[in-house]
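Heads up: the structure comes next, in structure tokens.
The values are calculated or read from the model by the stated rules, or taken from the named source; none is laboratory data. Here the structure is a predicted model, which is why all the values come from computation and not from measurement. No Cβ is skipped: glycine too gets one built from the backbone with ideal geometry, and neighbour counts run over all protein chains shown. Accessible surface is based on the protein model in full, side chains and every heavy atom, while ligands, DNA and RNA are left aside. Shrake-Rupley method; radii C 1.70, N 1.55, O 1.52, S 1.80 Å.
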Amino acid sequence: QVQLVESGGGLVQAGGSLTLSCVVSGSIISPYDMGWYRQAPGNVRKLVAFINSTGSSSYDDSVKGRFAISRDNDKKMMYLQMNSVKLEDTAIYYCNVVAARFAWPWGQGTQVTVSS
């Protein structure tokens, strides 16, 4: 069974930086488009950063120019470099595939809290 474990979250001041990591067990990741999602209190989970199987990436407008997604297929890991964080980046961050018809079981996520 596939398991996703996110880490690297924490408390960070506005304007600061943070790097999130995601490790996948139970499957290779190389064939899959992957992404980082986030869910803020009272909101639905939303895809904010996407990386396809060949390494091309795209971002939600809310994080474009500040966040960078990357992947290491050999290590079965994915990363999210978060720079110039804002209060509105406060959320639980999750990794998963980006696919129309399936998702791996969601992990616990990692909490990011941005303070002023």
Lysine pairs in the chain with alpha-carbon atoms under 23 Å apart, 8 or more places apart or on different chains: how many are there?
-> 4
Sequence of ILE28, ILE92 from largest to smallest accessible area, 1.4 Å probe | ILE28, ILE92
In percent, how large is the relative contact order of the chain, given Cα pairs closer than 8 Å and 6 or more residues apart?
-> 37
Ranked from highest to lowest mean number of other Cβ atoms within 10 Å per residue, what is the order of the peptides 36-47, 63-74?
-> 63-74, 36-47
Report, in cubic angstrom per residue, the convex hull volume of the C-alpha atoms of the stretch 5-96.
-> 90
Could you size up the charge dipole of the chain around its Cα centre, putting +1 on the beta carbon of Lys and Arg and -1 on that of Asp and Glu, and report it in debye to the nearest 20?
-> 80
In the neighborhood of TYR32, defined by Cβ-to-Cβ distances under 14 Å, what is the net charge if each Lys or Arg adds +1 and each Asp or Glu adds -1?
-> +1
